[in-house]
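Report on the following structure.
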Amino acid sequence: MSTLTETTFKRIAEIARRRWGLSLGERKIQLVANRLASHLRKNGGGEIEQYVQRLERNPTDEDMLVLFDLLSTNVTSFFRDPAHFAFLERELYAPLAHGTLAVPGRKLRLWSAACSTGAEPYSLAMQALELLPPAMGFDVKIIATDLSNKALDGCRAATYNESQLTGLSPERRARFLQKVDAPKGATAEARWKVKDEVRKLVEIRRQNLVENYTGLGPFDVVFLRNVMIYFDRDTRHEVVTRMHGVVRPGGYLAVGSAETLSGLDVPFRPAAASIYIR
Ligand SMILES: C[S@@+](CC[C@H](N)C(=O)[O-])C[C@H]1O[C@@H](n2cnc3c(N)ncnc32)[C@H](O)[C@@H]1O
């Protein structure tokens, strides 16, 4: 059986740090060993050591994206942190709807910056449709980006199992999702697809958060949630500094509830728990 030595693990961790800012602590060695071994088994076998040598010598972009998917996690859910959506309703949507806040050209731009398989950007789109109905004449767009193939494929398919819909109320399910017919004879769990009305607001792109944000911004709101936990301090600082360049003055940056900007020395000010204002 293919094994992962500590030295080889460190070489993989170095690739992950350099390319994606991921910080793979030594606690992850068993997890990484299992994922690499399973990947090699499914792809004709081979030793982890040879696989890593190949990645170090002449990897294609696709080889690297496959490795990224083996090392990263895509856990997500709809309306994952209700307090953040409540904040947007109170501080952004209600004042916009009442005319006590204005955005230039009635354009509202939101960025789900590590969108995973889509629950986050589609939640943002659903909330925008509820609180700023098209008849109000706002031009709302949610940019959804991730680096992972698995995430981007899931986001584009916008089709979810029953078990992935926790967080969506029955009203939202009825309004924004449609049941997808299972193939004849299939006994699989029911699947639900996000309706066009919601998908139309979301533009999906690939973006590595540690590379230039060309063509992105300015944004009224950025969700950078549950991704900085995988970065080391320098990468967090670099990413949040880049974010400062694409959030408009007065716009918001929301991070995960286990994440913070404190100690990073970047000019965002706290606005609420895990939400910052530029
Ligand atoms: C745990 S998910 C968070 C999803 C969503 N933001 C949420 O809070 O539910 C983390 C996501 O970050 C993405 N990610 C990690 N490092 C990245 C990088 N350097 N560039 C872009 N995406 C990255 C992963 O592919 C994964 O989809």
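Per-structure values
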item	result
Which listed residue is farther than 28 Å from Ala16 by Cα, surrounded by 13 or more Cβ atoms within 10 Å (Cβ to Cβ) and basic (Lys, Arg), from Arg172, Arg236, Arg242	Arg172
Candidates Gln207, Gln178 - the one that is modelled with pLDDT of 95 or more, open to solvent by less than 60 Å² (accessible area, probe 1.4 Å) and out of contact with any helix residue (DSSP H, G or I) (no Cβ under 9 Å at 6 or more places or on another chain)	Gln207
Only one of Gly118, Gly137, Gly154, Gly105 that is open to solvent by 10 Å² or more (accessible area, probe 1.4 Å) and near the ligand (Cβ under 10 Å from one of its atoms)	Gly154
Candidates Phe231, Phe219, Phe268, filtered to the one that is within 14 Å of the ligand (Cβ to nearest atom), open to solvent by less than 40 Å² (accessible area, probe 1.4 Å) and within 30 Å of Ala16 (Cβ to Cβ)	Phe231
Lys179 more than 16 Å from the chain's Cα centre (by Cα) and either in contact (Cβ under 8 Å) with a residue 40 or more places away in the chain or in the same structural domain as Arg236 (by TED's automatic domain parsing) (or both)	no
Condition check for Asn149: under 23 Å from Ser257 (Cα atoms) and polar (S, T, N, Q)	no
Breaking point among (1) touching a residue at least 60 places away in the same chain (Cβ under 8 Å); (2) closer than 16 Å to Val75 by Cβ, for Val103	(2)
Scope the range 260-277; condition in a loop (DSSP other than H, G, I, E, B) and within 20 Å of Leu124 (Cα to Cα); matching residues	Ala273, Ser274
Near pairs, Cβ below 7 angstrom, 6+ apart or cross-chain, from the range 78-90 (on the phi > 0 side of the Ramachandran plot) to any residue that is assigned to a helix (DSSP H, G or I) and within 13 Å of the ligand (Cβ to nearest atom)	Phe79/Phe85; Phe79/Ser123
Any hit, the range 227-238, residues being polar (S, T, N, Q) and in contact with a Ser or Thr (Cβ under 7 Å, 6 or more places away or on another chain)	no
Condition met for Leu168 (more than 26 Å from Glu211 (Cα to Cα), touching a residue at least 12 places away in the same chain (Cβ under 8 Å), part of a loop (DSSP other than H, G, I, E, B) and in contact with a Leu (Cβ under 9 Å, 6 or more places away or on another chain))	yes
Output for the range 203-216, where each listed residue is acidic (Asp, Glu) and either near the ligand (Cβ under 9 Å from one of its atoms) or closer than 18 Å to Gly21 by Cα (or both)	Glu211
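The values are calculated or read from the model by the stated rules, or taken from the named source; none is laboratory data. Only a predicted model underlies this, so the values are computations on that prediction, with no experimental measurement involved. All Cβ positions, glycine included, derive from the backbone under ideal geometry; neighbour counts span all protein chains shown. Heads up: the accessible areas ignore ligands, DNA and RNA and are worked out on the full protein's heavy atoms, side chains in. Shrake-Rupley method; radii C 1.70, N 1.55, O 1.52, S 1.80 Å.
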